[in-house]
Amino acid sequence: MSISFTSKLPHVGTTIFTVMSQMAQEYKALNLSQGFPNFEASPDLLRFTTEAMKNGFNQYAPMAGALPLREQIAIKTERLYGKCYDVDSEITVTAGATQAIFTIITAFLRKDDEVIIFKPAYDCYEPAIELVGAKSVVIQLDAPTFSVDWEAVKKALTPQTKMMIINSPHNPSGTIWSKEDMQQLSDLLEGTNILLLSDEVYEHIIFDGEQHQSASLFPKLAERAFIVSSFGKTFHITGWKLGYVVAPKALMIEFRKVHQFNVFSVHSPSQMGLAEYLKNEENYLCLPGFYQQKRDLFLKALSGSRFKITPTQGTFFQLLEYQDISQENDVDFSKRLVKEFGIASIPISVFNTKEADMNLLRFCFAKTDETLLKAADLLCKI
C-alpha cells in the first residue's frame, strides 16, 4: 500500500532548465540554456580558498557568515552605493541567492498575504510564495522594452500587499531598471509597510556605461529592503552556492531566525577565500567590460542571422526573437533547435503569465569566445 499525501506544489514539475540541459546532453548540443559559465574561476580565488582549507578553516562558520567576508561585503557596498551596513547585524552570508530569497519569503509571509512580482520572473519566486500560503499578484512586462507600467503597479496594491519582488538587471530579459523607475518605486511604497525584496544578483554585469541602480542607493527603499547578491554569478563559481543578503537590523533579526534552522552556515573555506579576493576591487569592477566583450562578440557574429536582436543591457543573457523564422510556439521551437541544429536555449513563455508566448528565446553568453562563435554559426544557419 502506497502512502497517501497531498502535494503542497501540485503544479510544479521539472524545471525548463533541467529539461533543456537533459536534451542538450542527449543530442550532444551546444548548451546555452542554463546560466552558468563554461570557463574557469580566477586562479587567485581558487588559491585563496585552498589556502583557507590548509589553514584549518574547515569547521562551521558563524551563522551570519565569516567575519572577514562580511567586512569586505560592507566595504564593497559602501564603495559602490554609499550605504553603510553594520557588519554584525545587517549582513548575512547565504547558500546562494535562491536560499536567501526562500528564507526572506518564509520569514515574513503568512497565509493570504499578497506579493507583487513582475513577469517574466525567475522561477524560484512563486513556488516559495505558494508554499507559505501567500498569493502572487503578477504585473506582466511586455517585450521588447519590458518596462514597468507604474499605474498598473499602483492599482495592484491592496491592504493585503506585504511584499514586492524586483529584479534588476533582469533575468530573463536582460533589461535594467532606471533611476527614475527606482524613484517611482520609492514614492509608491513610502508610507506603507510593504517589504521590498530586491534581487540584484547581476549587479556587476551591466553594459554600455550604465550604472546599477541598487535599492541601497535610495534611502526610503533601503529602510524596507532585503538586497540579495550572488558570488556565484559574480565570480563564475555557481557550483559553490554562495551569496549574501543585506537589510536593516530589525529585518535581519527575523531573517536569521529562519536562516539558522534552514542552513545555519555555509562553506567556511570558500568564505575565507572570497574575503581575500574581494580586497582587490578590480576583481568585480572589471566585470562589465569582460562580459560586454562577450556580448558584443556574440551579437556581431549573429549579425547575418534571421533573428531580431535587441542588445541586452545587463546579465549574461541575450534574447533573440524568431518571429521571422517560425510560427512555432517558443517551447516547440527551442526543442527543435536542440534536435535539428544542435543548440539549446530557454523559451521565455515559461516565465510569463499564462505562459504568454513572445517568440523569444534566451541564450547565455557566459561562455568562452570559441563557444560563442560556434553557437552563432549554428544560429546563422537557421
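If I go through the stretch 147-190 residue by residue, how many of them are part of a loop (DSSP other than H, G, I, E, B), farther than 12 Å from LEU221 by Cα and either free of Cβ contacts under 8 Å to residues at least 24 places away in the same chain or not polar (S, T, N, Q) (or both)?
Going residue by residue through the stretch 147-190, those that are part of a loop (DSSP other than H, G, I, E, B) are 147-149, 157-160, 168-178, 190.
From the residues that got through so far, the ones that are farther than 12 Å from LEU221 by Cα too are 147-149, 157-160, 168-178.
Of the ones still in play, those that are also either free of Cβ contacts under 8 Å to residues at least 24 places away in the same chain or not polar (S, T, N, Q) (or both) are 148-149, 157, 159, 169-170, 172, 174, 176-177.
Total meeting the criteria: 10.
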Legend entry - Flag for LYS300 being outside the structural domain of PHE108 (by TED's automatic domain parsing), touching a Lys or Arg at 6+ places or on another chain (Cβ under 8 Å) and over 24 Å from SER216 (Cβ atoms): no
Inset, instruction - Filter the stretch 236-250 for residues that are out of contact with any Pro (no Cβ under 8 Å at 6 or more places or on another chain) and crowded, with 20+ Cβ neighbours inside 10 Å and give the result. - result: ILE237, TRP240, LEU242, GLY243, TYR244, VAL245, VAL246, ALA247
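What helices (runs of 4 or more DSSP H) completely inside the stretch 215-279 contain at least 1 residues that are among the aliphatic types (A, V, I, L, M)? Before you say what the answer is, go through the steps one by one.
Working: elements: 219-222, 231-235, 249-262, 268-277.
Answer list for the stretch 215-279: 219-222, 249-262, 268-277.
Report whether or not PHE363 is within 21 Å of ASP123 (Cβ to Cβ), among the aromatic types (Phe, Trp, Tyr) and either in contact with a Gly (Cβ under 7 Å, 6 or more places away or on another chain) or at pLDDT below 95 (or both).
On the way: within 21 Å of ASP123 (Cβ to Cβ): yes; among the aromatic types (Phe, Trp, Tyr): yes; either in contact with a Gly (Cβ under 7 Å, 6 or more places away or on another chain) or at pLDDT below 95 (or both): no.
For PHE363, the condition - within 21 Å of ASP123 (Cβ to Cβ), among the aromatic types (Phe, Trp, Tyr) and either in contact with a Gly (Cβ under 7 Å, 6 or more places away or on another chain) or at pLDDT below 95 (or both) - is not met.
Can we say GLY314 is outside the structural domain of ILE73 (by TED's automatic domain parsing), exposed (fewer than 15 other Cβ atoms within 10 Å of the Cβ) and within 22 Å of the chain's Cα centre (by Cα)? Walk me through it before giving the result.
Numbers: outside the structural domain of ILE73 (by TED's automatic domain parsing): yes; exposed (fewer than 15 other Cβ atoms within 10 Å of the Cβ): no; within 22 Å of the chain's Cα centre (by Cα): yes.
No, not satisfied.
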Inset, instruction - Inspect the stretch 129-147 for any residue being touching a helix residue (DSSP H, G or I) at 6+ places or on another chain (Cβ under 7 Å), in the same structural domain as GLN183 (by TED's automatic domain parsing) and surrounded by 21 or more Cβ atoms within 10 Å (Cβ to Cβ) and give the result as yes or no. - result: yes
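Assess whether LYS249 counts as being within 30 Å of GLN184 (Cβ to Cβ), assigned by TED's automatic domain parsing to the domain that holds CYS84 and out of contact with any strand residue (DSSP E or B) (no Cβ under 7 Å at 6 or more places or on another chain). If you could, list the steps in order and put the result at the bottom.
Working: within 30 Å of GLN184 (Cβ to Cβ): yes; assigned by TED's automatic domain parsing to the domain that holds CYS84: yes; out of contact with any strand residue (DSSP E or B) (no Cβ under 7 Å at 6 or more places or on another chain): yes.
Here the answer is yes, as LYS249 does meet what is asked.
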Inset, instruction - Determine which single condition ARG306 fails, assuming it passes every other condition in (1) basic (Lys, Arg); (2) in a loop (DSSP other than H, G, I, E, B); (3) within 21 Å of GLY96 (Cα to Cα). - result: (3)
Legend entry - Considering residues of the stretch 63-93 that are touching a Leu at 6+ places or on another chain (Cβ under 9 Å) and among the small types (Gly, Ala, Ser) only, the residue surrounded by the most Cβ atoms within 10 Å (Cβ to Cβ): ALA66
Inset, instruction - Sort through ILE116, ILE194, ILE104, ILE165 and tell me the only one that's in contact with a strand residue (DSSP E or B) (Cβ under 8 Å, 6 or more places away or on another chain) and farther than 28 Å from GLY232 by Cβ. - result: ILE194
Inset, instruction - Could you please let me know if ASN280 is modelled with pLDDT of 95 or more, in contact with a helix residue (DSSP H, G or I) (Cβ under 9 Å, 6 or more places away or on another chain) and either surrounded by fewer than 20 Cβ atoms within 10 Å (Cβ to Cβ) or not aromatic (Phe, Trp, Tyr) (or both)? - result: yes
Inset, instruction - Might you check whether a residue that is small (Gly, Ala, Ser) and either assigned to a helix (DSSP H, G or I) or without any contact (Cβ under 8 Å) to a residue 60 or more places away in the chain (or both) occurs anywhere in the stretch 353-362? - result: no
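Just name the residue that is nearest to PHE298 (Cα to Cα) out of those in the stretch 319-352 that are among the hydroxyl-bearing types (Ser, Thr, Tyr) and outside any helix (DSSP H, G or I). Steps first, answer last, please.
Taking the stretch 319-352 first, the residues among the hydroxyl-bearing types (Ser, Thr, Tyr) are 322, 326, 334, 345, 349.
Filter once more, keeping what is outside any helix (DSSP H, G or I): 322, 326, 345.
Working: TYR322: 17, SER326: 22, SER345: 14 Å.
Going through the qualifying residues, I end up with SER345.
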Inset, instruction - Residue by residue through the stretch 115-142, note down the ones that are closer than 20 Å to TYR202 by Cα and part of a loop (DSSP other than H, G, I, E, B). - result: PRO120, ALA121, TYR122, ASP123, CYS124, LEU141
Legend entry - Failed criterion for PHE261 (all others in (1) surrounded by 14 or more Cβ atoms within 10 Å (Cβ to Cβ); (2) more than 22 Å from ASN55 (Cβ to Cβ); (3) not polar (S, T, N, Q); (4) not assigned by TED's automatic domain parsing to the domain that holds PHE363 hold): (1)
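Of GLU200, GLU223, GLU190, which residue is surrounded by 19 or more Cβ atoms within 10 Å (Cβ to Cβ) and among the acidic types (Asp, Glu)? Spell out the reasoning first.
Details: GLU223 fails: surrounded by 19 or more Cβ atoms within 10 Å (Cβ to Cβ); GLU190 fails: surrounded by 19 or more Cβ atoms within 10 Å (Cβ to Cβ).
Among GLU200, GLU223, GLU190, only GLU200 is surrounded by 19 or more Cβ atoms within 10 Å (Cβ to Cβ) and among the acidic types (Asp, Glu).
The values are calculated or read from the model by the stated rules, or taken from the named source; none is laboratory data. Here the structure is a predicted model, which means the values were calculated and not measured. Every residue, glycine among them, receives a Cβ derived from its backbone with ideal geometry; neighbour counts consider all protein chains shown.
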